[in-house]
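Read through the structure below, which is laid out as structure tokens, and then see the notes.
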Amino acid sequence: MLKIKQVRWILSFCVFLIYMICVQFVNAVWAKECPQDRRTQKAPTSYISKESPLRQEPRHIKKGKVLSHIKAKPIACKQCHGMQGDGNGAMALNMNPKPRNFTCKATMGEIPDGQLFWVIKNGSKGTGMPSYKHLPDEKVWQLIQYIRSLTSPAS
Ligand code: HEC
């Protein structure tokens, strides 16, 4: 027969185990890596120097947000990049590499607009990032204005 003391010990050990499993799970799901490990292929030089023809305007940010959250086909960006753009979308759970965390200034600040444009148009081969070739350039630039707004001081 087990003594009360042993039962107590076993119970506390189980509670501890469950606690550790929960911590791991929460970390895997919610941890926002920043700076983020980034090994994305570099865009061709002709893209890197591209600049947005759109003026910085709230209506463009709004349209970019609607695209990211709802309209972008075949899959809305938020499914992977998350509602807040922090890379924790529903589909990001088992993804390796993880979707980019757009709210991470340390990583996003190093990436030129032309690189973002190229990845959105062409996808990132060998990763979950699909290509949105069919999106007109203007919509891609609106997406970029929205993405940039997530690290701008105003947001
Ligand atoms: C199915 C999941 C998925 C969807 C949907 C998705 N992405 Fe991504 N995205 C990723 C992953 C994964 C990466 C990381 C790729 C890498 O590390 O090279 C990424 C990376 C990026 C990057 C970073 C490029 C760089 O050079 O670092 C940008 C910008 C981006 N996505 C924009 C978008 C936009 C805009 C949309 C919607 C129009 C979108 N993504 C939809 C998974 C997704």
Cα-Cα separations in segment 24-97 greater than 18 Å, expressed as whole percent | 57
Free-by-geometry Cys in the chain, Cβ-Cβ under 4.7 Å as pairing rule, reported as Cys14, Cys22, Cys77, Cys80
Local electrostatic count, Gln145, Cβ distance below 11 Å [Lys/Arg +1, Asp/Glu -1] | +4
What shape does segment 94-155 take by its C-alpha gyration tensor, where a ≥ b ≥ c are the square roots of the eigenvalues and a/c under 1.5 counts as rounded, a/b above b/c as prolate, and the rest as oblate?
-> oblate
Along each principal axis, Cα extent of the chain, largest first, Å | 78, 31, 29
Least to most buried among His60, His134, His81 (fewest other Cβ within 10 Å first) | His134, His60, His81
Please list the helices of the chain that count as membrane-span-like by this rule: a mean Kyte-Doolittle hydropathy of at least 0.0 together with Cα atoms stretching 15 Å or more along the helix axis, each helix being a complete DSSP H run.
-> 4-30
Show that you can apply the helix-only estimate: for the chain, add -39,500 (n - 2.57) for every DSSP H stretch of four or more residues, divide by all residues, and state [θ] at 222 nm to the nearest 500.
-> -13500 deg cm²/dmol
Who wins for biggest fluctuation among Met83, Met129, Met20 in a Gaussian network model of the chain, springs between alpha carbons below 10 Å?
-> Met20
Could you sort 106-115, 9-18 so that the peptide with the highest average Cβ count within 10 Å comes first and the rest follow in order?
-> 106-115, 9-18
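Every number here is computed from the coordinates shown, using simple stated rules; none is lab data. Since this is a predicted model, take the numbers as computed values, not measurements. Please note: Cβ atoms are built from the backbone with ideal geometry, for glycine as well, and neighbour counts cover all protein chains shown.
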